[in-house]
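In what follows, a single structure is set out as structure tokens and then discussed.
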Amino acid sequence: LVVDGNMKLVYLIMKHPLDDVSLSDGELFMVRHPPYANHLVHVPERQPKLRCNNHRAQNNGNLHWKHLDSTGKGVCACARHGAFVSHCIIDFQKGEWQINMDYSICQALKQFSGHDQTLIIYNICCQ
């Protein structure tokens, strides 16, 4: 399972959020919003101290992004075939945090319940 994020897929805060109509909540590759929002509410609002040297994907999470609803997307894919795993694309709120990617990884592992072992390849899983 290969895991990564894209910090260029940002989403602006809507001026009229009540007018928003979700066309793909929980469909195809996206996670369902209510369970994901519930996950984010119940996790600690702190990022562990980084042991890496200046990792921009995490360190830039709070810089000049007050006008954004989503600061990027994260996803899991098959490391062998490169295909995205369904129901695993998540939004980042403050940069590429592990709490966001944990949810995506758990959703992906639910799809492969028959496997005893899984290798997870992730560029910032060093925390």
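The values are calculated or read from the model by the stated rules, or taken from the named source; none is laboratory data. Everything numeric here is computed off the predicted structure, so don't read it as measured data. Virtual Cβ from ideal backbone geometry, glycine too; neighbours counted across all protein chains shown. These area figures cover heavy atoms from the full protein model, side chains too; ligands, DNA and RNA do not enter into them. Shrake-Rupley method; radii C 1.70, N 1.55, O 1.52, S 1.80 Å.
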- Message: at pLDDT 75 or above and crowded, with 18+ Cβ neighbours inside 10 Å: is that true of Val43 in this structure?
- Response: no
- Item | Residues (of a type outside the set (D, E, K, R) and not in a helix (DSSP H, G or I)) located in the range 104-118 | Phe112, Ser113, Gly114, His115, Gln117, Thr118
- Message: Name the single residue that is most open to solvent (accessible area, probe 1.4 Å) among those in the range 1-21 being under 30 Å from Asn123 (Cα atoms) and assigned to a loop (DSSP other than H, G, I, E, B).
- Response: Lys8
- Message: Looking only at residues that are open to solvent by 80 Å² or more (accessible area, probe 1.4 Å) and modelled with pLDDT of 70 or more in the range 22-37, which one is farthest from Gly82 (Cα to Cα)?
- Response: His33
- In the range 68-76, is there at least one residue being surrounded by 17 or more Cβ atoms within 10 Å (Cβ to Cβ), in a loop (DSSP other than H, G, I, E, B) and at pLDDT 80 or above? yes
